[in-house]
Amino acid sequence: MERLPGFRDFYPEPLPANETWSCDLRQHIFARWRETARRYGFREFDGPPLEPLELYTNKSGTEIVAQLFNFTDKGGREVSLRPEMTPTVARMVAHAERAYKKPIKWFSIPQLFRYEKQQKGRLREHFQLNCDLFGETDAAADAEVLALLIDTLRALGLTAADFVIRLSSRQAWQGFFADRQGDPARAYEFYQVVDKLEREKEDVSRERLAALGIDLAAVNSFIAASEPTPELAAVLANLSARGLRDFVQVDYGVIRGLAYYTGVVFEAFDRKGEFRAIAGGGRYDNLVHLVSGGKVNLPALGFGMGDVVLAELMKARGLVPKSFHPVDLVVLVEDETLRSESLGLVQRLRDAGRAVDYGLTPAKGDRQFRRALELGAERIVRLERDPAGALIAWVKVLADRSERRMPLEEVVAACGG
Ligand code: HAM
């Protein structure tokens, strides 16, 4: 049986085949994501992987709706696997916002599903860090979310030489469209043409814009100027104060495909332009209102960062940890008459918080030693009886092969970590 196209198997290292994904690398990424969100005071939440289809139709925009993994369940409900987390978090916040002080700062690491054409950097499932902030309209909130995005990538070893955040504004584009008497009911249609400019043939874009009464040359010069709005200027000043200005560049070539964005929007890309977007986000001040059927009104903004492009970029920049250490110690059982004593030691070391492995059944010493190397253990411990019958332990540090002899009672303290 093969797995479905666009889905991944995650194996522990060392990986058995090229097309498999590393569960160790995934944990490394998730750990950095969680640590960084914690440093910014974001709290973790989660929601259901299956949602009513209606949560997405008319809210996320045509592109995502065309990619839904949806079906009718056995109770006759129209449902969909979640393609993104934003409608879910908007729904959850709308239900519970009274229980929390504002601003609400939440993060989550959901697995998301989109029935996309499989290609480099795009699969049918991915994990996505989502960080969202509710209840603040000031540009200070936009800057805080951008700083968190930057620091998340820095925590994985990426620098300003590796990535850039292209910062833009739906409001700037809204102004551009209104100045040219664009029909407000067709604004989203216009944004979608701008969103596809970099990928679409010039003639196709020119025609689509003309149908909206807009001139392609005017669009191009608006992008070339990318004159920051007062709101973007405030965001940039805030990031400068933190020393993070180099990570951001105003670029009206970005507008974002999703329908719900209302203000600042942004996307993170690798500087060399080899990969698809690493992350994307922005302000969506009307979504909570929409999802709650008009009951709750809360401004909001946030971003999503996928694990697929990120892992590809980390591999290309040599930022994947060389080795993963599943265990700290291996207890060798070379003398089977000491198995009970060895098991007692394994248990005491585990009680002390160490990750410990040992051979479940009798095996030659060199085989046990090779397994300790494969598991990346820092140390091996083996027990022996001295001529007087007392139990002693040998603790070997594998990095330099140095070995120390000690009474059994001292092992836990010596290897306590
Ligand atoms: P998005 O731009 O659709 O935004 O996705 C964010 C990131 O998720 C992308 O930049 C990409 O790295 C990753 N991603 C998306 N689709 C795929 C895929 N099929 N395969 C692999 N990676 C993918 C959103 O989803 C918004 N809901 C983000 C957001 C949160 N906005 C505000 N809060």
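The values are calculated or read from the model by the stated rules, or taken from the named source; none is laboratory data. Since the structure is predicted, the reported quantities are computational estimates derived from the model, not experimental observations. With ideal geometry, Cβ positions are generated from the backbone for all residues, glycine too; neighbour counts draw on all protein chains shown.
Brief remarks follow.
- The criterion of at least 2 residues that are within 12 Å of the ligand (Cβ to nearest atom), over 18 Å from the mean Cα position of the chain (by Cα) and in contact (Cβ under 8 Å) with a residue 12 or more places away in the chain is met by none of the strands (runs of 3 or more DSSP E) falling completely within region 53-144.
- Residue in region 183-197 that is in contact (Cβ under 8 Å) with a residue 12 or more places away in the chain and in a loop (DSSP other than H, G, I, E, B) present: yes
- Those residues of region 161-189 which are aromatic (Phe, Trp, Tyr) and modelled with pLDDT under 95, in sequence order: 188
- Selected residue (only one of 35, 84 is under 30 Å from residue 375 (Cα atoms), modelled with pLDDT of 95 or more, assigned by TED's automatic domain parsing to the domain that holds residue 289 and out of contact with any Cys (no Cβ under 8 Å at 6 or more places or on another chain)): 35
- Residue satisfying all of: in region 249-290; surrounded by fewer than 24 Cβ atoms within 10 Å (Cβ to Cβ) and among the basic types (Lys, Arg); nearest to residue 171 (Cα to Cα) among these: 256
- Taking region 271-292 as the range and being in contact (Cβ under 8 Å) with a residue 40 or more places away in the chain and within 11 Å of the ligand (Cβ to nearest atom) as the test, the residues that pass are 275, 276, 278, 279, 281, 282, 283, 284, 287.
- Among all residues of region 326-341, there is none that is more than 16 Å from the ligand (Cβ to nearest atom), at pLDDT below 95 and of a type in the set (Lys, Arg).
- Hey, residue 165 assigned to a strand (DSSP E or B) and aliphatic (A, V, I, L, M) or not: yes
- Test: residue in region 125-132 that is crowded, with 19+ Cβ neighbours inside 10 Å, at pLDDT 95 or above, touching a Cys at 6+ places or on another chain (Cβ under 8 Å) and under 12 Å from residue 303 (Cα atoms): no
- Looking across region 198-214 at every residue that is surrounded by fewer than 17 Cβ atoms within 10 Å (Cβ to Cβ) and touching a residue at least 12 places away in the same chain (Cβ under 8 Å), the one that is nearest to residue 252 (Cα to Cα) is identified as 198.
- The set of residues from region 1-32 being over 19 Å from residue 374 (Cα atoms), away from the ligand (no atom under 16 Å from the Cβ) and small (Gly, Ala, Ser) comprises just one member, 31.
- Considered as a group, the residues in region 296-328 that are among the aliphatic types (A, V, I, L, M) and either assigned to a loop (DSSP other than H, G, I, E, B) or touching a Cys at 6+ places or on another chain (Cβ under 6 Å) (or both) include one that is farthest from residue 83 (Cα to Cα), and that residue is 327.
- Among the residues making up region 345-373, those that are loosely packed, with under 13 Cβ neighbours inside 10 Å and over 20 Å from residue 406 (Cβ atoms) are 360, 361, 362, 364, 366, 367, 370, 373.
- In this structure, residue 45 qualifies as assigned by TED's automatic domain parsing to the domain that holds residue 275, within 20 Å of the chain's Cα centre (by Cα), surrounded by 15 or more Cβ atoms within 10 Å (Cβ to Cβ) and away from the ligand (no atom under 12 Å from the Cβ).
- Near pairs, Cβ below 9 angstrom, 6+ apart or cross-chain, from region 384-410 (more than 14 Å from residue 338 (Cα to Cα)) to any residue that is hydroxyl-bearing (Ser, Thr, Tyr): 396/402
- Filter pass, residue 310 being more than 11 Å from the ligand (Cβ to nearest atom) and modelled with pLDDT of 95 or more: no
- Residue within region 90-109 that is basic (Lys, Arg) and either under 27 Å from residue 314 (Cβ atoms) or not assigned by TED's automatic domain parsing to the domain that holds residue 291 (or both) present: yes
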